There are 2 protein chains.
Amino acid sequence: MFSMRPIGYVRSPYHETRDVPRGLGAKHEAEGILEILPEFAQGLTDIEGFSHLFVLWTFDRSEGFELMGTPPSDNRPHGVFATRSPFRPNPVGLTVVELLRRDGNRLRVRGVDMLEGTPILDIKPYLSSVEPEKLRRGWLAEAEARSQK
Amino acid sequence: MFSMRPIGYVRSPYHETRDVPRGLGAKHEAEGILEILPEFAQGLTDIEGFSHLFVLWTFDRSEGFELMGTPPSDNRPHGVFATRSPFRPNPVGLTVVELLRRDGNRLRVRGVDMLEGTPILDIKPYLSSVEPEKLRRGWLAEAEARSQK
């Protein structure tokens, strides 16, 4: 077992799960703030140079886990590790955000899909992308194709 | 505080930290296996459709954290959240791997940079990339430019 503690909290326009855009074609353009606790703020040094960040956070309002689940973007069940379901054995979320600005220990970002007050576990620089022509997106691509028929 | 437990372990050709390619231009082409514990194997259902996965894992052989550190790819110190340093407040690693094949509860992948036996916390599908022309890579791009002079 490993113990994790928050390094900060998300300030988000979303207060309830139903507020977060979900399902096929959902866009995550919302702006929010990653508010890092003062004792960790030095760790943000030089982060301004990166346009995009990985944010690791906890699904602190979901209980338990399900190995199979039907995501909002499909009407068929899939394994939890093939989805972004909040009901995971380790309830850690991962979001890519665009860094707009840093004000001290507060990072203004675009692309939040977390709820207000979500505990942040880690921030990492986004260094490279998989080339689009090399990417296959499994059941999600199939669900998109079915929805366009 | 949050408690996390392994969902499986990495089988890697790297047994010591010094074996892992590091520094500017390091390539992560090594193949390895994500061996998921039998009780979580159902959660892999439909994962075969995805070409790339996010793997969340723990730096189980690093102790403590440093808010500032000098990465192997530069000779200047940067904040921990602007690097992939293993000495993080929450010692969670994130690696993008290419999924080559699934054999039951074993995922054969390319791109491992973890050590043999590393505990896996979560696997998620890689769904989209930031477009290269929108990506800025801060101190890393600067260090690359300096090294080419």
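The values are calculated or read from the model by the stated rules, or taken from the named source; none is laboratory data. Keep in mind that this is a model prediction, so the values were computed, not measured. Every residue, glycine among them, receives a Cβ derived from its backbone with ideal geometry; neighbour counts consider all protein chains shown. Side chains are part of the model used for accessible areas, which takes the heavy atoms of the whole protein and leaves out ligands, DNA and RNA. Shrake-Rupley method; radii C 1.70, N 1.55, O 1.52, S 1.80 Å.
For the stretch B:99-114, the criterion of a residue being of a type outside the set (Phe, Trp, Tyr), farther than 21 Å from B:Glu16 by Cβ, open to solvent by 50 Å² or more (accessible area, probe 1.4 Å) and within 11 Å of chain A (Cβ to nearest Cβ) is satisfied by at least one position. Entry remark, the stretch B:11-54: residues being open to solvent by less than 50 Å² (accessible area, probe 1.4 Å) and over 29 Å from B:Gly104 (Cβ atoms) number 3 in total. Candidates are the residues of the stretch A:44-54 that are touching a residue at least 24 places away in the same chain (Cβ under 8 Å) and facing chain B (nearest Cβ under 7 Å); the one that is nearest to the chain's Cα centre (by Cα) is A:Phe54. Can you name the residue in the stretch B:115-149 that is basic (Lys, Arg) and at the interface with chain A (Cβ under 8 Å from one of its Cβ atoms) and, of all such residues, is least open to solvent (accessible area, probe 1.4 Å)? Among them, the one singled out is B:Lys124.
Output the residues belonging to the stretch A:55-84 that are open to solvent by 20 Å² or more (accessible area, probe 1.4 Å) and facing another protein chain (nearest Cβ under 7 Å). A:Leu67, A:Met68, A:Arg84, listed by residue number. Considering only the stretch A:1-30, state which residues are more than 23 Å from B:Ser3 (Cα to Cα), within 13 Å of chain B (Cβ to nearest Cβ) and modelled with pLDDT of 95 or more. Listed by number, the list is empty, since nothing qualifies.
Given the criterion touching a strand residue (DSSP E or B) at 6+ places or on another chain (Cβ under 9 Å) and over 30 Å from B:Gln42 (Cα atoms), identify the matching residue among A:Ile123, A:Ile47. Outline the logic, then answer.
On the way: A:Ile123 fails: over 30 Å from B:Gln42 (Cα atoms).
Answer to the selection: A:Ile47.
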